[in-house]
Amino acid sequence: MLQYSQEEGSAAKKGTRLIFMRRFDHVFARIGALFVGIVWMIRLVIKSLIHIRTSAFSNLSPTRIIHEEHVWIPAALYGLQGFIRAWFYRLHSTLEEHIMSDHVVLASCVVAGLMCEIVIVLVSRAVIKHTRLTMALKLLAAITIMVSVLLCIEVYYTAKYHHTPKETLVAALLGFLCFQVPMMGLFKSFTMLG
């Protein structure tokens with residue numbers, strides 16, 4: 001199934017060193033789109049606990065979490081980006097010739113969402129004074145960073161051994177324009193909101 005390799009020797013020859021990436025590639029292809037949603041839900045639970053705890057000591061309403069920009073605006077953007085990515089995938093699957101790496105597009109979408117979650121966690125952490133909840137947010141950010149790095153390694157593996165440079169470039173440009181650029185605007189607005 002290997003279509004392309006820039007080096008002499010194929011991924012099959014390097015199989016023993018890359019077996020972990022093949023397994024991760026298999027998992028990512030099946031459930032990769034859920035990565036951002038899982039991180040978002042964990043952050044929602046932590047933020048809910050923060051609001052419940054702060055409302056017990058002040059006049060804040062625990063339902064304030066429902067109105068937070070840091071919760072629902074990213075969720076809507078993640079949903080929109082997931083729809084766009086699914087549309088790209090369907091369009092790409094109807095073509096006879098591969099013109100892009102759908103894996104690179106998926107990774108671009110997921111990494112953009114994970115980076116947004118990291119920015120939001122770091123902005124949220126700045127105003128929290130509860131030690132355990134702050135530690136939970138720090139742990140969430142650290143895990144999210146590790147998953148993002150692993151995804152970048154996986155995309156390198158996929159691009160190098162399974163796609164031509166043209167397919168990788170087209171996917172990287174689409175991913176950058178459709179997923180990364182909108183998230184950069186969201187980062188800026190969230191760092192201003194604090």
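The values are calculated or read from the model by the stated rules, or taken from the named source; none is laboratory data. All values reported here derive from a predicted model rather than from experimental measurement. FYI the Cβ positions are ideal-geometry reconstructions off the backbone, even for glycines, and counts take in every protein chain you see. When the accessible area is computed, the model is the full protein with side chains, heavy atoms only, and any ligands, DNA or RNA have been set aside. Shrake-Rupley method; radii C 1.70, N 1.55, O 1.52, S 1.80 Å.
Please give the helices (runs of 4 or more DSSP H) falling wholly within segment 26-137 in which 1 or more residues are under 18 Å from LYS188 (Cα atoms) and modelled with pLDDT under 85.
69-94, 102-125
Return the residues of segment 69-86 that are hydrophobic (A, V, I, L, M, F, W, C) and over 16 Å from VAL104 (Cβ atoms); say none if nothing qualifies. Walk me through how you get there before you give the answer.
Taking segment 69-86 and keeping what is hydrophobic (A, V, I, L, M, F, W, C), we get 71-73, 75-77, 80, 83-84, 86.
Once the filter is applied, which keeps residues that are hydrophobic (A, V, I, L, M, F, W, C) and over 16 Å from VAL104 (Cβ atoms), segment 69-86 yields VAL71, TRP72, ILE73, ALA75, ALA76, LEU77, LEU80, PHE83.
Might you let me know whether segment 162-179 holds any residue that is farther than 21 Å from ILE84 by Cβ, buried (at least 19 other Cβ atoms within 10 Å of the Cβ) and not charged (D, E, K, R)?
yes
Would you check which residues across segment 133-165 are under 19 Å from PHE35 (Cβ atoms) and β-branched (Val, Ile, Thr) and list them?
Once the filter is applied, which keeps residues that are under 19 Å from PHE35 (Cβ atoms) and β-branched (Val, Ile, Thr), segment 133-165 yields ILE143, THR144, ILE145, VAL147, VAL149, ILE153, VAL155, THR158.
Given THR158, THR144, THR94, which one is polar (S, T, N, Q) and open to solvent by 20 Å² or more (accessible area, probe 1.4 Å)?
Among THR158, THR144, THR94, only THR94 is polar (S, T, N, Q) and open to solvent by 20 Å² or more (accessible area, probe 1.4 Å).
What do you reckon, is MET100 open to solvent by less than 30 Å² (accessible area, probe 1.4 Å) and of a type outside the set (Asp, Glu)?
In short, yes.
Quick check on my filter: what residues within segment 77-108 are within 14 Å of the chain's Cα centre (by Cα) and free of Cβ contacts under 8 Å to residues at least 12 places away in the same chain?
Correct list: GLY79, LEU80.
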